[in-house]
2 protein chains.
Amino acid sequence: MSEEDRAAARERVIESMEQSAEVYGLSRSAGRIYGVLYFSEEPLSIPDLVDETGYAKSTISNVTRTLTRIGMVRRRSSDGGGRRVRYTAVREIWFILQDVFQQYVQREIQTTLRTIQRAQAQLPDGNEPETEQIEELRATYEDLEEVVSLVSEFTAAELRDALESYDR
Amino acid sequence: MSEEDRAAARERVIESMEQSAEVYGLSRSAGRIYGVLYFSEEPLSIPDLVDETGYAKSTISNVTRTLTRIGMVRRRSSDGGGRRVRYTAVREIWFILQDVFQQYVQREIQTTLRTIQRAQAQLPDGNEPETEQIEELRATYEDLEEVVSLVSEFTAAELRDALESYDR
DNA sequence: CAGTTTGTTCGGTACGCTCCGAATGAACGA
DNA sequence: TCGTTCATTCGGAGCGTACCGAACAAACTG
């Protein structure tokens, strides 16, 4: 009975992770696999994950690779010298979000900013409308670049504190 | 010659907006349409946008609707009482990002947090592993919720200042 | 050395999304 | 009233992605 409750609670949270995964540009399977690993105390092998999730072996193989690449999961390779690969979830959600932030948002902002700067350098600085608009864009993106680069140095609690205690 | 340069600069930035649109879950057409509107001084009608972008009328119609819905574009309906709808870009990128943040990230975090809280309430607070893991999840998501809700009250420059001046 | 288990890769299918063109529906001007 | 110009909607083509099953490669087990 208690075990059933725990399983139900796990399942709810895992379903929520499936949804979150979609929001962050991952597949539902990635969300579920991460969720199962999140609640598992021991590392799980690919066959284990096949049993737990019902996905095909190939799907597990592919998804675990991308999860490993983006740092949501760790390969605990060859525990006792065995060939069996085993995975654990990285449970620090904040670190994961920071990584996603760096790899997607920060990168995107940097390339955009560079494009804007190049376009601006090429423009004669007369007072055509473009000049002013691009200048405004550049200013915003410079603030943004600084903000996202700073965010990646904070913990969630620090960030919260910094914003709460800031007095305008 | 100067006009060509300006056109080239515009085109570069617009291409960059196409890419950014994809990163933020929009279509390339949405990025281009927004970009054309961004650099246009007068509001543009759908036929105007067809000419400027080369997209089909139906595409423009659909995309402008979603851009309007998420607040990147404004419908300046019926200027002289005419039936012609005209669009302008909302140029304050920071406001747009805040809206996206609110509509996607904040909403996602809130529903996740609520799921976690419900799962936690249902669990007997023994010391099973699930209890602790869900508790940790909840703490992180509560910080996150507070952070994103605060972010939507700051300007980009304020945010930058708050993070730069925070002393740990 | 077979036979088994494990992990990756490859081709294929199903589904959703983007965009187009055509049809439909309104409003305007003669 | 009729033709024209706009805007929306609908069906469909093209394309990328998620996932599956099968084939394959590599390592352990007897």
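Residues being over 18 Å from B:Val100 (Cβ atoms) and within 15 Å of DNA strand D (Cβ to nearest atom): count how many of those fall in segment B:15-39. The total comes to 1. Listed conditions (1) within 11 Å of DNA strand D (Cβ to nearest atom); (2) touching a residue at least 24 places away in the same chain (Cβ under 8 Å); (3) open to solvent by less than 20 Å² (accessible area, probe 1.4 Å) are all met by A:Thr66, apart from (3).
Of the listed requirements (1) within 16 Å of DNA strand D (Cβ to nearest atom); (2) closer than 29 Å to B:Ala157 by Cα, B:Gln102 misses just one: (1).
Quick grid of which residues meet (1) more than 14 Å from chain A (Cβ to nearest Cβ); (2) within 16 Å of DNA strand C (Cβ to nearest atom); (3) on the phi > 0 side of the Ramachandran plot; (4) in a strand (DSSP E or B):
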{"site": "B:Ala7", "(1), (2), (3), (4)": "no, no, no, no"}
{"site": "B:Gln19", "(1), (2), (3), (4)": "no, yes, no, no"}
{"site": "B:Gly25", "(1), (2), (3), (4)": "no, yes, yes, no"}
{"site": "B:Gly31", "(1), (2), (3), (4)": "no, yes, no, no"}
{"site": "B:Thr64", "(1), (2), (3), (4)": "yes, yes, no, no"}
{"site": "B:Phe95", "(1), (2), (3), (4)": "no, no, no, no"}
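Reported count of residues in segment A:124-143, each being β-branched (Val, Ile, Thr) and more than 7 Å from chain B (Cβ to nearest Cβ), is 1.
Within segment B:26-36, is there a residue that is out of contact with any Leu (no Cβ under 7 Å at 6 or more places or on another chain), in contact (Cβ under 8 Å) with a residue 40 or more places away in the chain and open to solvent by 40 Å² or more (accessible area, probe 1.4 Å)? Yes, that holds for at least one residue. Within segment B:144-162, being over 22 Å from the mean Cα position of the chain (by Cα) and at the interface with chain A (Cβ under 7 Å from one of its Cβ atoms) holds for one residue alone: B:Ala162. Are any of the residues in segment B:131-138 outside the structural domain of B:Ala21 (by TED's automatic domain parsing), free of Cβ contacts under 8 Å to residues at least 12 places away in the same chain and of a type in the set (A, V, I, L, M, F, W, C)? No, that holds for no residue. In segment B:45-61, the residues that are over 12 Å from B:Ser29 (Cβ atoms) reach residues that are open to solvent by 50 Å² or more (accessible area, probe 1.4 Å) with C-beta atoms within less than 6 angstrom, at least six apart or across chains, in these pairs: B:Ser45/B:Arg84; B:Ser45/B:Arg86. Considering only residues that are open to solvent by less than 60 Å² (accessible area, probe 1.4 Å) and either modelled with pLDDT of 90 or more or within 14 Å of chain A (Cβ to nearest Cβ) (or both), look in segment B:69-85 and name the one that is farthest from DNA strand C (Cβ to nearest atom). For segment B:69-85, the residue satisfying everything is B:Gly71. Just to verify a result, which residue in segment B:41-62, among those that are open to solvent by 50 Å² or more (accessible area, probe 1.4 Å) and outside any helix (DSSP H, G or I), is farthest from DNA strand C (Cβ to nearest atom)? So the residue we want is B:Glu41.
The values are calculated or read from the model by the stated rules, or taken from the named source; none is laboratory data. These numbers come from a predicted model, not from an experiment. Neighbour counts run over all protein chains shown; Cβ positions are idealised from the backbone, glycine included. Accessible surface areas use protein heavy atoms only, side chains included; no ligands, DNA or RNA. Shrake-Rupley method; radii C 1.70, N 1.55, O 1.52, S 1.80 Å.
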